[in-house]
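The values are calculated or read from the model by the stated rules, or taken from the named source; none is laboratory data. What you are looking at is a predicted structure, and each value in this text was computed from that prediction instead of being measured. Every residue, glycine among them, receives a Cβ derived from its backbone with ideal geometry; neighbour counts consider all protein chains shown.
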Amino acid sequence: EPEVTQTPSHQVTQMGQEVILRCVPISNHLYFYWYRQILGQKVEFLVSFYNNEISEKSEIFDDQFSVERPDGSNFTLKIRSTKLEDSAMYFCASSESAETQYFGPGTRLLVL
Amino acid sequence: GDSVTQMEGPVTLSEEAFLTINCTYTATGYPSLFWYVQYPGEGLQLLLKATKADDKGSNKGFEATYRKETTSFHLEKGSVQVSDSAVYFCALETNQAGTALIFGKGTTLSVSS
């Protein structure tokens, strides 16, 4: 069964550094998403992406965040200058249409 | 705005007990409703879904019925197992392509033998 994959599974970085989180969505899916989950809290939407542009973003997704689909398979989330409060589990998801979103296993980001 | 409210946890049950986790929603229009499960140390997995009123989603012995009149989507299982111990998230999607899932806060279920 096809699945969403994410790399790395864990990332530790220093405050102020840039990080890039990578995702490979399910191959025939057209809609891509990033969510985050701060430890012990609810899953929060960051951004959705369709047809090579952002279709929706939350208040969390400020200027320090960006997304890109650099080739036909990868979907990346970049955090330009990480802050302590960016420490969270980041989930990528994809969907074929407006129906079900399928989630990857997540990248746990720790900012020191 | 749209929102999802789940019962507070943790929920602690003995094996073979009956499970109900309440979920109610507020939304404009007719959202799709989902239950996701997160096992310890893992990501989110879709458990079941319902896309219109009176639909019943089911999977692995879990069921939930989309009740438009009460704006609810309660999760039930007749006989829980230790392996069901996880965090359960209710979520809605407003049926527009590329729209965010809105999650509840999650309910932790702990099942003991």
Determine which member of the set B:48, B:13 is in a strand (DSSP E or B) and within 11 Å of chain A (Cβ to nearest Cβ). B:48
The condition of being touching a strand residue (DSSP E or B) at 6+ places or on another chain (Cβ under 9 Å) and touching a residue at least 60 places away in the same chain (Cβ under 8 Å) holds, among A:67, A:43, A:19, only for A:19
Within the stretch B:83-96, the residues that are in contact with a Leu (Cβ under 8 Å, 6 or more places away or on another chain) and either assigned to a strand (DSSP E or B) or within 14 Å of another protein chain (Cβ to nearest Cβ) (or both) are B:86, B:87, B:88, B:89, B:90, B:91, B:92, B:93
Examine the stretch A:16-24 for a residue that is away from chain B (no Cβ under 13 Å), surrounded by 19 or more Cβ atoms within 10 Å (Cβ to Cβ) and not in a loop (DSSP other than H, G, I, E, B), and state whether such a residue exists. yes
Any residue that is at pLDDT 95 or above, within 14 Å of chain B (Cβ to nearest Cβ) and either closer than 17 Å to residue A:7 by Cβ or part of a strand (DSSP E or B) (or both) - is there at least one of those in the stretch A:63-71? yes
Tabulated pairs, the stretch A:84-109, first over 10 Å from residue B:44 (Cα atoms) and facing another protein chain (nearest Cβ under 7 Å), second assigned to a strand (DSSP E or B) and of a type in the set (Phe, Trp, Tyr), C-beta under 7 angstrom, 6+ apart or interchain: A:101/A:33
Scanning the stretch A:48-79 residue by residue, those under 16 Å from residue A:24 (Cα atoms) and within 12 Å of the chain's Cα centre (by Cα) turn out to be A:48, A:49, A:67, A:68, A:69, A:74, A:75, A:76, A:77, A:78
Does residue B:80 satisfy the criteria of being in contact (Cβ under 8 Å) with a residue 40 or more places away in the chain, outside any strand (DSSP E or B), touching a strand residue (DSSP E or B) at 6+ places or on another chain (Cβ under 6 Å) and surrounded by 12 or more Cβ atoms within 10 Å (Cβ to Cβ)? yes
Kindly indicate whether residue A:102 is closer than 16 Å to residue B:103 by Cα and modelled with pLDDT of 90 or more. yes
What tally of residues in the stretch A:1-46 results from selecting those that are in contact with a Pro (Cβ under 6 Å, 6 or more places away or on another chain) and among the charged types (D, E, K, R)? 0
Pick from the stretch B:55-77, criterion in a strand (DSSP E or B) and of a type in the set (Asp, Glu), ranking: nearest to residue B:16 (Cα to Cα): B:76
Could you say which residue among B:19, B:101, B:75, B:109 is within 28 Å of residue A:46 (Cβ to Cβ), touching a residue at least 60 places away in the same chain (Cβ under 8 Å), within 14 Å of the chain's Cα centre (by Cα) and more than 12 Å from every other protein chain (Cβ to nearest Cβ)? B:109
